[in-house]
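Engineer: Have a look at the structure that comes next, please.
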Amino acid sequence: MLRQSLNFKLSQKLSPQQIQLMKLIQLPTQAFEQRVKSEMEENPALDDGKENTEDEYDEFSNQDDYEDGNETIETDINVDDYLSDDDIPEYRTKANNYSADDDEKSIPYAAGKSFTQTLVEQLNTSRLSEEHRAIAEFLVGSIDGSGYIRRSLEDITDDLAFTMNLYTDVGEVEKVLKVVHELDPAGVGARNLQECLLLQLSRKRKTKSVELAIKLIRDSFDAFSKKHYSKVIDKYNITEDELREAIDDIEHLNPKPGGSYAGGSTRMVEQVVPDFTIRIKESELELTLNGRNAPELHVSRDYSNMLRGYKEAKKKTKSQKDAVMFIKQKLDGAKWFIDAIKQRQETLFVTMSTIMYYQKAYFLSGDERNLRPMILKDIADKIDMDVSTVSRVANSKYVDTPYGTKLIKEFFSESMTNADGEEVSTREIKKILENVIGDESKKKPLTDQKLAELLKEKGYPIARRTVAKYREQLDIPVARLRKEI
């Protein structure tokens, strides 16, 4: 039996240009500059006005060069749509929306030798056989950015055989590892934190507190790391002051010796470029958009002149029409890109402006307790845009404020109701939780249950598990690990 039915389905598809616009909005300042540079390299119809581009299509004006130059055809191309005497893009006329830092385009790079190269060079001061030097260099190459060798010596021994045709045993590799442990910075090449700390302590002058610190790390590492200080005091028959001195020596060690290397590596140094700037002038907020987001792009005069020559020509050949179709395609792309930049600037500015006034109390005071509960939909509803658009702005952009450079998404938070029935930001609660922990007695830190009770007394009734979640988000350890002597 055949059955016929009619179904209606409503769907929305984004055009390729809309998708490209969304990608442009998401780009932070530096990435946007690279996108503009790439577009200009791909589309010669885009011009930034910095230099006069020679006409790449001189043959366009030379009618004799066309094999079929005498073939006259009709065309429906309206070149008037592509001719304009206005070289200045409209979005650049709104100068008050942009900050004057257009020239700050340098990206810092770390100079000098890499961490690995420096370690290899230090091996030159050690007397090593050819085989041991090959093993040492392999070990150095296995050290990660924190200064550790994370792989087992068994695996390294196997790799030496397979990759370097060097057959040895774990005992020989461990013997060479001791040479690596003598390199600077102290602690480099350790296989775990315990070994890293012991390597550093072994180079210190042997005072009473250092010798106790070595015993603690070597023989009682588990109890010490869990801050079971009473057990440690009983085991070694020491006073609290003696333990405190040993702890002080340990706290001055570097748990990541690789990170202390000033030379770094050849990787690019990350530099945050604020996309917006907020300043307070006469008790009012002033927002500016980084000027590097508004390049002075316009349609190339050369391309416009080629079209003008085509319009004025009495006879229009097939070759001319083919050339004009190519030019039209490039001009369409250029005009769309310039318009997309304009839409990007307007979207960024109106979104950040709405966020700024929504959180006006915070931006005027810098007190995080003044941050209002705010979710993406709150801003999207005010500017009549999609939530995904606001998300693209918030997740990838930074704003320079009088209180430091902030990632915009940090201003968003959920809300909860306090004891007075008022909606408060979860960030406000986290700040209060942080302050309570900061004021606690470190000899007897507050448990999560006690913290929940104190917050309830302050008018914030939240569960113990919620306190634990906020504490973890603040990267604050549990009470036992916050304990001090």
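Engineer: So, Y398, is that one modelled with pLDDT under 85 and crowded, with 16+ Cβ neighbours inside 10 Å or not?
Structural biologist: Answer is no for this residue.
Engineer: Out of the range 210-226, which residues are more than 24 Å from R150 (Cα to Cα) and crowded, with 19+ Cβ neighbours inside 10 Å?
Structural biologist: Scanning the range 210-226 gives L212, A213.
Engineer: Sticking with this one: If the Cβ limit is 6 Å and pairs must be 6+ apart or interchain, which residue in the range 467-485 that is under 14 Å from K450 (Cα atoms) pairs with which residue that is modelled with pLDDT of 80 or more and open to solvent by 60 Å² or more (accessible area, probe 1.4 Å)?
Structural biologist: From residues that are under 14 Å from K450 (Cα atoms), the pairs are A479/T447.
Engineer: Checking V273 against (1) farther than 30 Å from A294 by Cβ; (2) at pLDDT 85 or above; (3) open to solvent by less than 90 Å² (accessible area, probe 1.4 Å), which single condition isn't satisfied?
Structural biologist: The single condition V273 does not satisfy is (1).
Engineer: I'm told T426 meets every condition in (1) at pLDDT below 85; (2) more than 25 Å from the chain's Cα centre (by Cα); (3) buried (at least 16 other Cβ atoms within 10 Å of the Cβ) except one. Can you identify the failing condition by its number?
Structural biologist: (2)
Engineer: Among residues belonging to the range 237-256 that are over 40 Å from the mean Cα position of the chain (by Cα) and open to solvent by 50 Å² or more (accessible area, probe 1.4 Å), point out the one that is nearest to D184 (Cα to Cα). Give the steps one after another, and end with the answer.
Structural biologist: Here is the first cut: in the range 237-256, the ones over 40 Å from the mean Cα position of the chain (by Cα) are 237-243.
Narrowing the set further to residues that are open to solvent by 50 Å² or more (accessible area, probe 1.4 Å) leaves 237, 239-242.
On the way: N237: 35, T239: 34, E240: 33, D241: 32, E242: 29 Å.
So, considering only residues that are over 40 Å from the mean Cα position of the chain (by Cα) and open to solvent by 50 Å² or more (accessible area, probe 1.4 Å), the one nearest to D184 (Cα to Cα) is E242.
Engineer: Suppose we filter the range 401-423 for residues that are at pLDDT below 75 and in a loop (DSSP other than H, G, I, E, B); how many remain?
Structural biologist: Filtering the range 401-423 down to residues at pLDDT below 75 leaves 414-423.
Narrowing further to those that are in a loop (DSSP other than H, G, I, E, B): 414, 418-422.
Of the residues in that region, 6 qualify.
Engineer: Still on this structure, I have one more. Scan the range 95-113 and give yes if some residue there is modelled with pLDDT under 85, acidic (D, E) and surrounded by 14 or more Cβ atoms within 10 Å (Cβ to Cβ), otherwise no.
Structural biologist: yes
Engineer: Tell me which residues, restricted to the range 170-192, are over 38 Å from the mean Cα position of the chain (by Cα) and open to solvent by less than 80 Å² (accessible area, probe 1.4 Å).
Structural biologist: V170, G171, E172, V173, E174, V176
Engineer: Which of the residues belonging to the range 345-364 are part of a helix (DSSP H, G or I) and more than 30 Å from V36 (Cα to Cα)?
Structural biologist: Y357, Y358, K360, A361, Y362, F363, L364
Engineer: Sticking with this one: Is it fair to say E410 is free of Cβ contacts under 8 Å to residues at least 60 places away in the same chain, within 14 Å of F276 (Cβ to Cβ), open to solvent by 60 Å² or more (accessible area, probe 1.4 Å) and not aromatic (F, W, Y)? Reasoning before the result, please.
Structural biologist: Values: free of Cβ contacts under 8 Å to residues at least 60 places away in the same chain: yes; within 14 Å of F276 (Cβ to Cβ): yes; open to solvent by 60 Å² or more (accessible area, probe 1.4 Å): yes; not aromatic (F, W, Y): yes.
Answer is yes for this residue.
Engineer: State whether one or more residues within the range 365-386 are more than 30 Å from R464 (Cα to Cα), open to solvent by 60 Å² or more (accessible area, probe 1.4 Å) and assigned to a helix (DSSP H, G or I).
Structural biologist: yes
Engineer: Turning to a different aspect of this structure: From the list K37, K50, which residue is modelled with pLDDT of 85 or more, exposed (fewer than 14 other Cβ atoms within 10 Å of the Cβ), out of contact with any Leu (no Cβ under 8 Å at 6 or more places or on another chain) and not aliphatic (A, V, I, L, M)?
Structural biologist: It is K37.
Engineer: State yes or no: is R127 farther than 23 Å from L193 by Cβ, among the basic types (K, R), open to solvent by 40 Å² or more (accessible area, probe 1.4 Å) and free of Cβ contacts under 8 Å to residues at least 24 places away in the same chain?
Structural biologist: Against the criterion (farther than 23 Å from L193 by Cβ, among the basic types (K, R), open to solvent by 40 Å² or more (accessible area, probe 1.4 Å) and free of Cβ contacts under 8 Å to residues at least 24 places away in the same chain), R127 qualifies.
Engineer: Just one of (1) in a helix (DSSP H, G or I); (2) within 33 Å of the chain's Cα centre (by Cα); (3) farther than 26 Å from E245 by Cβ trips up L481, so point out which.
Structural biologist: Every listed condition holds for L481 apart from (3).
Engineer: Which of the residues that make up the range 432-447 are in a helix (DSSP H, G or I) and either open to solvent by 70 Å² or more (accessible area, probe 1.4 Å) or in contact with a Ser or Thr (Cβ under 9 Å, 6 or more places away or on another chain) (or both)?
Structural biologist: Answer for the range 432-447, where residues must be in a helix (DSSP H, G or I) and either open to solvent by 70 Å² or more (accessible area, probe 1.4 Å) or in contact with a Ser or Thr (Cβ under 9 Å, 6 or more places away or on another chain) (or both): just E434.
Engineer: Scan the range 132-145 for residues that are exposed (fewer than 15 other Cβ atoms within 10 Å of the Cβ) and modelled with pLDDT of 85 or more and report the count.
Structural biologist: Counting residues in the range 132-145 that are exposed (fewer than 15 other Cβ atoms within 10 Å of the Cβ) and modelled with pLDDT of 85 or more gives 2.
Engineer: Is it true that some residue in the range 350-357 is open to solvent by less than 70 Å² (accessible area, probe 1.4 Å), closer than 27 Å to P28 by Cβ and at pLDDT below 90?
Structural biologist: No: zero hits.
Engineer: I would also like to ask the following. Do you know which residues across the range 146-169 are open to solvent by 70 Å² or more (accessible area, probe 1.4 Å) and assigned to a helix (DSSP H, G or I)?
Structural biologist: Hits for the range 146-169 are E154, D155, D158, F162, T163, M164.
Engineer: May I ask you to list the residues in the range 471-485 that are closer than 17 Å to R427 by Cα and open to solvent by 20 Å² or more (accessible area, probe 1.4 Å)?
Structural biologist: E472, Q473, L474, D475, I476
Engineer: Mind listing whichever residues of the range 193-209 are among the polar types (S, T, N, Q) and either part of a helix (DSSP H, G or I) or surrounded by 15 or more Cβ atoms within 10 Å (Cβ to Cβ) (or both)?
Structural biologist: So the first thing to find is which residues in the range 193-209 are among the polar types (S, T, N, Q), and the list is 194, 200, 202, 207, 209.
Once the filter is applied, which keeps residues that are among the polar types (S, T, N, Q) and either part of a helix (DSSP H, G or I) or surrounded by 15 or more Cβ atoms within 10 Å (Cβ to Cβ) (or both), the range 193-209 yields Q194, Q200, S202, S209.
Engineer: For the range 429-450, what are the residues that are at pLDDT 85 or above and under 33 Å from the mean Cα position of the chain (by Cα)?
Structural biologist: Hits for the range 429-450 are I432, L433, E434, N435, V436, I437, G438, D439, D448.
Engineer: State yes or no: is L197 modelled with pLDDT of 90 or more and over 30 Å from R392 (Cα atoms)?
Structural biologist: Numbers: modelled with pLDDT of 90 or more: yes; over 30 Å from R392 (Cα atoms): yes.
Yes.
Engineer: When only residues in the range 326-349 that are loosely packed, with under 15 Cβ neighbours inside 10 Å and acidic (D, E) count, which is farthest from E434 (Cα to Cα)?
Structural biologist: Taking the candidates together, the pick is D332.
The values are calculated or read from the model by the stated rules, or taken from the named source; none is laboratory data. The structure presented is a predicted model; accordingly, all values stated were derived computationally and were not measured. With ideal geometry, Cβ positions are generated from the backbone for all residues, glycine too; neighbour counts draw on all protein chains shown. Ligands, DNA and RNA are stripped out before the accessible areas are found, and what is left, the full protein with its side chains, is counted by its heavy atoms. Shrake-Rupley method; radii C 1.70, N 1.55, O 1.52, S 1.80 Å.
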